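Each value in this text was obtained by applying a stated rule to the coordinates, not by laboratory testing. Quantities reported herein were computed from a predicted structural model and do not represent experimental measurements. For neighbour counting, all protein chains shown are included, and Cβ atoms are generated from backbone atoms with ideal geometry for every residue, glycine included.
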Amino acid sequence: MGLSVAHFLLKEGARVTLVDRDPEGDKTSFGNAGGIAVTEVIPASVPGLLLKVPGWLLDPLGPLALRPAYAPRLIPWFWRFSQAGRPAEVARIATALASINRRVYEDLLPLLAENGLSAELHQQGALTVYESEAAYAKDASQWQLKRAHGVEVVPLSGAEVRDMEPALAATISRGVFTPQWSHINDPKVLVDKLRQALQARGLNIVTGQVHDVLPTVGATAVSVQLEGARSLSADQAVIACGAWSAILAARVGDKVLLESERGYNTTLAQPGVKLTREVIFAERHFVATPLSCGLRIGGAAEFGGLEAKANFKRSEALARLAARYLPKLHTEGGRFWAGHRPATPDSLPVIGPSARNPNVIYAFGHGHLGLTQGATTGRLVNDLVHGKPLPIDIAPFAITRFN
């Protein structure tokens, strides 16, 4: 997110400094599933979802885990999450998400081209697959809502699914092809190459951890306080710290409901099977993406805060689960990874100025869609900084919705 913002600001002629405690390190961008998921406009909370939660928590291969000691801190977040699942809210949120997603390629393709990264993108669409007819029928209303927002939806039989991806098991009975979806070669490679390209264009990177962002009086508008008694002065500051953003927002004076939804994956360098596009396993809520570094099996949502140690049994479980649907999959030798997704209860990112300090702009909370929405968020932040007309209405993304 920070690099995308920097790209558009540099293009406009701004002098940009990016502060990161480990600029080349292992962030969420390092190990995500690699999908440009422009079709994903439905919020995580939908009618009937909460009834499934107890079963998911009891299933060792289920898509949801909760650290019991952390549960009391989640009560306000989950209360707001439950409210986001009301039909009228689902419709409102879907409209807001679609407003970003429908212009993703308009912003992403030039960003890639201008930084020599066009070859990193594969526009092959995605497959969502189902074992049971009942599960497919139950999702019909969600597919219809996606169609209403311009998502291309191609229903498929089980045989048609296997014609597209022969590695899939015979137990797959139905599928949906979404041609607008795409994926990248490798998230780590993309981020490294983008960082290097932006540095060549003048991006200044400072290694450090931000402690506070304060208003100033005089020639500059904000003072960015780093640990170790260092500081930077700027006209404006953009807070794009993913799941850690709420800490800085609180110091600025803004309230936000933001939690770490930790995701896990396993990357198999020699998987023994071949996929040509990302495959989403609808009933089990995980994905498989063919990357240049191997087949990445990703998914799971674990709520336990930012400090809890990763439980890589979740990564092992994903590999075992994938073998049910990819019968010839070699699960040995997988590389495990976990990362913190910045999750808001309404599935909408926080984009826009601080209510307390107009010289602070927020760009975080994209959940599963950070890679997808990064370029468009970068354009929106740049337009805010330079007082340009915005291409979409950002009112639904305001931080004041948490007041």
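Some points to look at:
- Degrees between helix 75-84 axis and first principal axis of the chain (Cα, 0 to 90, nearest 10): 70 degrees
- Ascending count of other beta-carbon atoms within 10 Å, so fewest first, for Phe286, Phe78: Phe78, Phe286
- The GNM of the chain, with springs linking C-alpha atoms under 10 angstrom apart, assigns the highest mean-square fluctuation among Glu259, Glu133, Glu316 to Glu133.
- Matching label, Cα extents along the principal axes in Å computed from the structure shown, candidates [x] 64, 57, 39; [y] 89, 50, 49; [z] 68, 44, 41: [z]
- Sequence ranges 144-150, 335-341, 181-187, 317-323, ranked by mean other-Cβ count within 10 angstrom, highest first: 181-187, 317-323, 335-341, 144-150
- Count Lys and Arg as plus one, Asp and Glu as minus one, and take only other residues whose Cβ is under 14 Å from that of Arg251; the net charge is then -1.
- Nonlocal Lys pairs with alpha-carbon distance under 28 Å, the chain (8 or more apart, or different chains): 25
- Between helix 104-114 and the chain: long-axis angle, C-alpha atoms, 0 to 90°, nearest 10: 70 degrees
- Taken about its Cα centre, the stretch 2-402 carries a charge dipole of about 400 debye when Lys and Arg each add +1 at the Cβ and Asp and Glu each add -1 at the Cβ.
- Crossing angle, helix 2-11 versus the chain [Cα axis fit, 0-90 degrees, rounded to tens]: 60 degrees
- Peptides 266-273, 379-386, 29-36 ranked from most to least packed by the mean count of surrounding Cβ atoms within 10 Å: 29-36, 379-386, 266-273.
- Theoretical gain in end-to-end length, Lys138 to Val153 [0.36 nm per residue, Cα-Cα removed]: 3.8 nm
- The peptide list 167-178, 364-375, put in order of mean Cβ contacts within 10 Å with the highest first, becomes 364-375, 167-178.
- Gap separating the Cα centres of the stretch 357-389 and the stretch 180-236, nearest whole Å: 13 Å
- GNM result for the chain, Cα springs below 10 Å: residue of Gly305, Gly85, Gly387 fluctuating most strongly: Gly387
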